[in-house]
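Novice: Please see the structure below; I have some questions.
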Amino acid sequence: MKAMVLHNVRTPLIFERRPLPMPGAGEMRVAVEACAVCRTDLHVVDGDLPHPRLPVIPGHEIVGRVDALGSGVRGRELGERVGIPWLGHTCGRCPYCVSGRENLCDEPLFTGYTRDGGFASHVIADAAYCFSMPDDGDPVSLAPLLCAGVIGWRSLVAAGSGMRIGIYGFGAAAHIIAQVCIRQGRLIFAFTRPGDGAAQEFARSLGAVWAGGSDETPPKRLDAAIIFAPVGDLVPVALRAVRKGGRVVCGGIHMSDIPGFPYQLLWEERQIVSVANLTRQDAFDFLAIVPEAQIRTQTKHYPLEAANEALDDLRSGRLQGAAVLVP
Ligand SMILES: [Zn+2]
Ligand SMILES: [Zn+2]
């Protein structure tokens, strides 16, 4: 198999050829058709997240075909298309797992972080954490749904049912969730890096009623704001933009420090909440609405060997939509 491997954080991924791995009990091997590049991959590579298992193959938005089945796997067939997300395994016994919050499991494994992921031609996955994917869709278009889509969905659910939704950081997750909101009849206010006219135009082209820089005040108070950009400075900015009782959802796995701010911004029952990981139910719920919401993902695809270039493009904010690797 071919893989792009992280040996040490803050160093480029290295191309390697390895023997094909064999799936263990309850696992399957999947031949990767496409793997999207998530900001979390960047945080793994850049050393922002503690204790990655090194060396590791990053990548957790994987679409591929079942290539080999381990013992005890039921309900899957060779050649079937599946999706593999960030949540790679949970213990099933801890207080979080038994109360429907497996996203907070005490002993989890995460794809592309603490187990090998999809920046490769093949990947081994726990079969219980894979999802059926449409057989006829384009794998490059489907791949970003598995994290940008699912975590974006969890963030949107956390934001509540308000009409006016602000999104700070208009990247892969935002461009999917904006489409969901608009189909639900809600209004999207898109905040980009100040002066990024191209990103603002992109947001408007997807149906945002307003797009501007994160330093701008929206024309109306927001019911909720979701922050996808890894920028702690945006927390007080977003609090200032939401109405009384409004909520600010931090959707990323890592953020720069949040600066001090006057209590006045939080008062009147505004809330700040974070979203961590996903449950399998999040993925079932989100993937079920994808066909009717007619979500179109904007992607730029790269050969597997260009994974470092894709990561650089994401880091520099040059991308619109999602980067996707094709082995
Ligand atoms: Zn658990
Ligand atoms: Zn992700």
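The values are calculated or read from the model by the stated rules, or taken from the named source; none is laboratory data. The structure presented is a predicted model; accordingly, all values stated were derived computationally and were not measured. Backbone-built Cβ (ideal geometry, glycine too); neighbour counts: all protein chains shown.
Novice: Going by what's in this entry, would Val98 be described as under 19 Å from the mean Cα position of the chain (by Cα), in a helix (DSSP H, G or I), away from ligand 2 (no atom under 16 Å from the Cβ) and surrounded by fewer than 21 Cβ atoms within 10 Å (Cβ to Cβ)?
Specialist: no
Novice: How many residues are over 18 Å from the mean Cα position of the chain (by Cα), assigned to a loop (DSSP other than H, G, I, E, B) and either more than 20 Å from Leu54 (Cα to Cα) or within 14 Å of ligand 2 (Cβ to nearest atom) (or both) if we restrict to the stretch 112-132?
Specialist: So the count comes out to 0.
Novice: Evaluate the stretch 130-149: report whether one residue or more is aromatic (Phe, Trp, Tyr), modelled with pLDDT of 95 or more, surrounded by fewer than 24 Cβ atoms within 10 Å (Cβ to Cβ) and under 23 Å from Thr279 (Cβ atoms).
Specialist: Yes, the conditions are met somewhere in the stretch 130-149.
Novice: Which ranges mark the helices (runs of 4 or more DSSP H) fully within the stretch 151-265 that have 2 or more residues being within 16 Å of ligand 2 (Cβ to nearest atom) and crowded, with 17+ Cβ neighbours inside 10 Å?
Specialist: Those helices (runs of 4 or more DSSP H) span 172-183.
Novice: For the stretch 88-131: of the residues being aliphatic (A, V, I, L, M) and within 11 Å of ligand 1 (Cβ to nearest atom), which is farthest from Thr40 (Cα to Cα)?
Specialist: Out of the qualifying residues, it is Val98.
Every residue, every condition in (1) free of Cβ contacts under 8 Å to residues at least 60 places away in the same chain; (2) within 16 Å of ligand 2 (Cβ to nearest atom); (3) not in a loop (DSSP other than H, G, I, E, B), yes or no:
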{"site": "Arg53", "(1), (2), (3)": "no, no, no"}
{"site": "Asp67", "(1), (2), (3)": "yes, no, yes"}
{"site": "Ser71", "(1), (2), (3)": "yes, no, no"}
{"site": "Leu78", "(1), (2), (3)": "yes, no, no"}
{"site": "Val82", "(1), (2), (3)": "yes, no, yes"}
{"site": "Gly88", "(1), (2), (3)": "yes, yes, yes"}
{"site": "Gly92", "(1), (2), (3)": "yes, no, no"}
{"site": "Asn103", "(1), (2), (3)": "no, yes, yes"}
{"site": "Phe110", "(1), (2), (3)": "no, yes, yes"}
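Residues are listed down the side, and each one gets a yes or a no for (1) within 25 Å of Lys2 (Cβ to Cβ); (2) surrounded by fewer than 24 Cβ atoms within 10 Å (Cβ to Cβ); (3) polar (S, T, N, Q):
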{"site": "Arg76", "(1), (2), (3)": "yes, yes, no"}
{"site": "Gly79", "(1), (2), (3)": "yes, yes, no"}
{"site": "Val82", "(1), (2), (3)": "yes, yes, no"}
{"site": "Gly92", "(1), (2), (3)": "no, yes, no"}
{"site": "Arg115", "(1), (2), (3)": "yes, yes, no"}
{"site": "Gly118", "(1), (2), (3)": "yes, no, no"}
{"site": "Ala127", "(1), (2), (3)": "yes, yes, no"}
